[in-house]
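Structure first, then comments.
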Amino acid sequence: MNEENFMLVSLNDEKSKEISEVLGSETCKKIINYLIENKEASQKDLSDSLNIPMNTLDYNIKKLVSSGFIQKRKNFFWSSKGKKIIMYELSNRSIVISHKKPNKEKI
C-alpha cells in the first residue's frame with residue numbers, strides 16, 4: 001500500500017482529535033455526503049446546495065482539509081469577477097486509527 005493512500009493516527013495523536021471533531025459534526029458529514037454524490041464542488045456550490053452560510057462552510061472546509069477527509073483539486077477556475085474558485089473533492093486516503101503509535105512497516 002502506498003503511504004500516500006493512507007494516514008496512520010494513534011489515539012494519543014492530536015490528529016485523532018481533529019478526526020473525531022469532523023466525525024461528530026453534522027455539517028462536515030453533509031459536506032462529505034455531498035462530495036460522495038457529486039465528486040467535486042466549490043464552496044459556493046456547497047453553500048447553495050446544502051443551505052449552509054459561507055462562514056460556517058469555510059470553517060468546516062478548513063477542518064475537513066486539515067483532518068485529511070477532503071482536498072483541494074489541482075484544477076481551479078476563475079470567476080467572471082477575477083476570483084480564483086477552488087474545487088474540493090474527497091481525499092483518496094484511508095485513515096487508520098490505532099490504540100498505540102502505529103508501525104507503518106507492519107501495515
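The values are calculated or read from the model by the stated rules, or taken from the named source; none is laboratory data. Keep in mind that what you see is a predicted model, and the values were worked out from it rather than measured. Here the Cβ is made from the backbone with ideal geometry for all residues, glycine too, and neighbour counts use every protein chain on show. Keep in mind that these areas ignore ligands, DNA and RNA; they rest on the heavy atoms of the full protein, side chains included. Shrake-Rupley method; radii C 1.70, N 1.55, O 1.52, S 1.80 Å.
Residue-wise test of (1) among the hydroxyl-bearing types (S, T, Y); (2) touching a Leu at 6+ places or on another chain (Cβ under 6 Å); (3) closer than 20 Å to F6 by Cβ.
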{"residue": "I36", "(1), (2), (3)": "no, no, yes"}
{"residue": "F76", "(1), (2), (3)": "no, no, no"}
{"residue": "S79", "(1), (2), (3)": "yes, no, no"}
{"residue": "S98", "(1), (2), (3)": "yes, no, yes"}
Note to self: Residues that are under 23 Å from S98 (Cα atoms) and open to solvent by 70 Å² or more (accessible area, probe 1.4 Å): does the stretch 49-69 have at least one?
What the structure shows: no
Notebook entry, point to check: K81 is checked against (1) loosely packed, with under 14 Cβ neighbours inside 10 Å; (2) part of a helix (DSSP H, G or I) and fails just one. What number does that condition carry?
Noted result: (2)
Next item on the list: Of the numbered conditions (1) open to solvent by 60 Å² or more (accessible area, probe 1.4 Å); (2) over 19 Å from F6 (Cα atoms); (3) under 17 Å from the mean Cα position of the chain (by Cα); (4) among the hydrophobic types (A, V, I, L, M, F, W, C), C28 fails exactly one; give the number of that condition.
Entry: (1)
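So, in the stretch 7-25, of the ones that are of a type in the set (A, V, I, L, M, F, W, C) and out of contact with any strand residue (DSSP E or B) (no Cβ under 8 Å at 6 or more places or on another chain), which residue ends up most open to solvent (accessible area, probe 1.4 Å)?
L23
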